[in-house]
């Protein structure tokens with residue numbers, strides 16, 4: 001597989017994965033269990049202005065949301081041709097609700113911006129962190145907890161500051177910026193973090209590599225068992 005030019009996004013790992021990363025904590029001899037991960041998405045829209053009557057184009061449409069989930073499922077479910085390290089992983093990213101929100105200005109530059117993106121329109125972020133989420137059940141069925149994703153214009157904070165962040169995950173909540181052909185990989189990467197997968201540095205084409213490029217399709221067998229356990 002040819003490697004594209006290095007136009008990369010940095011996908012930052014949030015608090016939860018830093019605290020409870022579970023790499024290697026499963027039985028390496030057990031087979032992955034097919035799972036479905038429902039995903040609700042909301043896209044930032046600028047509030048109406050009395051000055052401008054022409055709304056800007058949306059950051060993402062519902063059709064694009066459906067398409068990127070389909071692309072993510074292909075990446076996860078199919079083994080890369082010729083690869084000896086990629087695995088077909090029985091994970092389905094399932095379409096949930098799709099809508100918009102208008103809190104803030106579409107820029108995640110602080111904890112409060114992150115919090116506000118997940119509150120009702122007109123609300124502001126809280127001064128205190130949200131309570132930790134309970135661990136997901138591993139025996140109650142094949143459908144996992146819903147992931148809430150917010151599509152924003154820019155991210156410059158995720159427990160750190162950076163000039164270029166493609167996504168940020170904290171618990172089951174994720175913020176991302178839109179990146180056309182890279183969206184499927186970016187979302188699969190961030191949802192992987194929400195399953196306790198950590199960044200991986202031993203393969204340039206790994207989905208969980210901190211850079212996001214359009215040939216990053218590889219998910220190892222051990223990663224799949226964490227993603228689909």
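Among 150, 229, which comes first, second and so on when ranked by fewest other beta-carbon atoms within 10 Å? Please list the in-between numbers first.
On the way: 150 22, 229 18.
So the residues, fewest neighbours to most, are 229, 150.
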Evaluate E = 1/(1 + (r/R0)^6) for residue 160 and residue 70, where r is the Cβ-Cβ distance and R0 equals 45 Å; express this FRET efficiency to the nearest 0.05. 0.90
With a Förster distance of 30 angstrom and the Cβ-Cβ distance between residue 51 and residue 146, calculated FRET efficiency to the nearest 0.05 equals 0.20
Residue exposure sequence - 215, 183 - by fewest surrounding Cβ within 10 Å: 215, 183
Can you figure out the FRET efficiency of residue 201 with residue 100, using R₀ = 41 Å and their beta-carbon distance, to the nearest 0.05? 0.65
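Throughout, read-outs are computed from the coordinates displayed, never taken from laboratory work. Just so you know, these numbers come straight off a predicted model, no measurement behind them. Cβ coordinates were reconstructed from backbone atoms using ideal geometry, including for glycine residues, and neighbour counts include every protein chain displayed.
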